[in-house]
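First the structure, in the form of structure tokens, and then the observations on it.
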Amino acid sequence: MLPTVTATGTPHTRPGPRRLLDLLAQGAPAEEFARTAAEAKAAGASASELAALAEATEVALRIRRTLSQHRRREAQLTALFDSASDLAALRDLDAVLRAIVHRAKMLLGTDVTYLSLNDEAVGDTYMRVTDGSVAASFQRVRLGMGEGLGGLVAQTARPYATGDYQADDRFHHTGAIDSAVRDEGLRAILGVPLRVGAQVIGVLYAADRTPREFTPEEVALLSSLADHAAIAIDGARLLEETRTALVDLGSATATIRAQSEALHRAEHAHDQLTDLVLRGGDAGGVAGRLADLLDGGILIHDAEGAELARTGTQPLPPPDAAVAASRAGGRAVPLDGAWVCAVLAGPELLGSIVLTGRPDLADADRLLFERAAVVTALLLLLRRSVAETEDRVRGELLNDLLSTSGDPGSLSARARRLGVDLDRPYGVFVAHGETADRQRLLAAATRSARARDGLVGLHHGQVVVVAPARDPGAAAHALAAELGQAASAEVTVGAAGPVSGPAGLPAAHAEAHRCLSALRALGQSGRGGALADLGFVGVLLGDQAGVAGYVRSTLGAVLDYDTARGTDLTRTLEAYFAEGSSLTRTKAVLHVHVNTVVQRLDRIGRLLGRDWNAPGRALELQLALRLHRLATSR
């Protein structure tokens, strides 16, 4: 609160940044944040106070949006975990089906949810359970394979969504289906397949009576629920078949008991792993628990092939061919004495699990292994959600740091909350992929920045990394090689720094950009470096501090020798170049014997290197001599 005084001399306070923090803590609506500035203005706040309050309000609203998105995603995932646990506890098929459609309606917040099952004998899919439906014709509709949205999902085993079904010509419309949809009043429909292994057993739908677009996150969420639902349906069917077999086939009691125990073991393991994830477990925890359950080694990779966790086995390259086969078939596949299972959220590949040390895997253990892949998918979805939120916050901080606005103190405080200490020496790196996809380059830069405890983001359309570095030139060289390998293309990286504190970052970014342009103009694409690595070109593009550094790096050995011994090698070198490298004219200018000139030049060669008189090196030395002369004559 900002202190002021009323006309009567009574002190009171005006709304200030503390008020914004209180509103954030209370979860107040966005309108309350805007009201703070209006109240401060009415209370007589100055223009500078109002400007600071407006900036604080904008930051607070941005934080509120980020927190709201995170809470919404967390609520969705919690509801999905609860759904998995509830479904695993149900045994009656009808109860399972009703629970599935009810959970789908709760998770996506749609008007209607429903589920159809495939009729293998007839070759179509029929409505089995609905929630929110009011039209009898809709509840009795049957869809041939490929007909309507649901028939297409059942036929292709892929999710489909439409914002307005009646106006969408991607689907094979029939009179019976269109009439039933009109009777129900549905417009927007999302359908995802229910799969057991490679077999599609039905379709799970979410629909609204008003046009809307379903987001990729909603498609992934309903697909994950469908994966759990398919497991629950399959489990309920297995239990029904087990009960029937117990009645009809007394001689098969032992076999049925074994199947039931295997199913219960798989369900129990599934519950254990789900509970582990719910309690905040990571990929390492899942790998360790699964290794204990299956008595083998476990290796988990992400979709990019990076190792996430490993227990009881040696590092292995990502088994791309086996992952593709598992993804296509929906089951774990054997590979050279190991087993591989793709980790999927609907059709999206999130990663893979490898089981080693178990070349002969019984059906029960194979089922357990495949269910572990479903739980791992939930873990990776949550991990991705958290990472995306953190990357967004870090990207916003990076853009604020590289702009010329913003309070350095508040920027440093925001950085500390993200684990970034801007008081350390930081380098600024601007990367350009000559032929690489920018999003792929950004993803690779994000992984590199995380490993270096730095920040990364797009700034003015360029990939920028701010990371700790005492030698930005060397760090840029390593970063260019690393990003080039990850992006499978040449990547050029310009660097600047090191700088400490937020104030120096905008200028360092500008210098890094100039360095990047110079590297590309000089035909050095695919490399990384700083202006200091570019010789006199770096001096021309750099600032005044770069001049002294250039002189020291080029001529320092000779200058130090003269200072320590009182010699005149620097003046000899100047005269030698000024007289066109003529020994005779040089000795005349210096008034010494020609042998003295030869001895001095020999000493210079030992100090600067044998190539000191080569054309390119000579040009740099002459420039350094002139700059040194200008600096010492002031």
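Only the coordinates and a few stated rules stand behind these numbers; no lab work does. What you are looking at is a predicted structure, and each value in this text was computed from that prediction instead of being measured. All Cβ positions, glycine included, derive from the backbone under ideal geometry; neighbour counts span all protein chains shown.
In terms of packing, defined here as the mean over residues of other Cβ atoms within 10 angstrom, the peptides 305-318, 22-35 line up highest first as 305-318, 22-35. When peptides 610-623, 200-213 are ranked by their average number of other Cβ atoms within 10 Å per residue, the highest-first order is 200-213, 610-623. Extension gain, THR596-ARG384: 0.36 nm per intervening residue step, less the Cα-Cα distance, totals 69.1 nm. Sorted ascending by nearby beta carbons within 10 Å, beginning with the fewest, THR554, THR596 become THR596, THR554.
In nm, to one decimal, how far is the ASP562 label point from the SER582 one, both placed 7 Å along Cα→Cβ? So the label points at ASP562 and SER582 sit 2.3 nm apart. A prolate overall shape is assigned to the stretch 18-63, the ratio a/c of its alpha-carbon gyration tensor axes (a ≥ b ≥ c) being 1.5 or greater and a/b exceeding b/c. Rounded, prolate or oblate: which one fits the stretch 418-534, using the alpha carbon gyration tensor with axes a ≥ b ≥ c (rounded when a/c is under 1.5, else prolate when a/b beats b/c, else oblate)? Here the stretch 418-534 falls in the oblate category. Taking other C-beta atoms within 10 Å as the exposure proxy, PHE429, PHE171 rank PHE171, PHE429 from fewest upward. Set the Förster distance to 51 Å, then compute FRET efficiency between SER488 and ARG626 from the Cβ-Cβ distance, nearest 0.05. Once rounded, the FRET efficiency stands at 0.70. Cβ crowding within 10 Å, taken as a proxy for footprinting-reagent exposure, orders SER488, SER223 from fewest neighbours to most as SER488, SER223. Once the Cα-Cα distance is subtracted from the 0.36 nm per residue extended length, the GLU213 to GLN524 segment shows a gain of 107.3 nm. Extension gain for LEU349 to ASP471 (0.36 nm times residue separation, less C-alpha to C-alpha distance): 40.0 nm. With each label modelled as a point 7 angstrom along the Cα→C-beta vector, the ALA321-ASP360 pair spans 2.6 nm. Between LEU619 and THR174, the modelled labels are 7.8 nm apart [label points 7 Å from Cα along Cα→Cβ].
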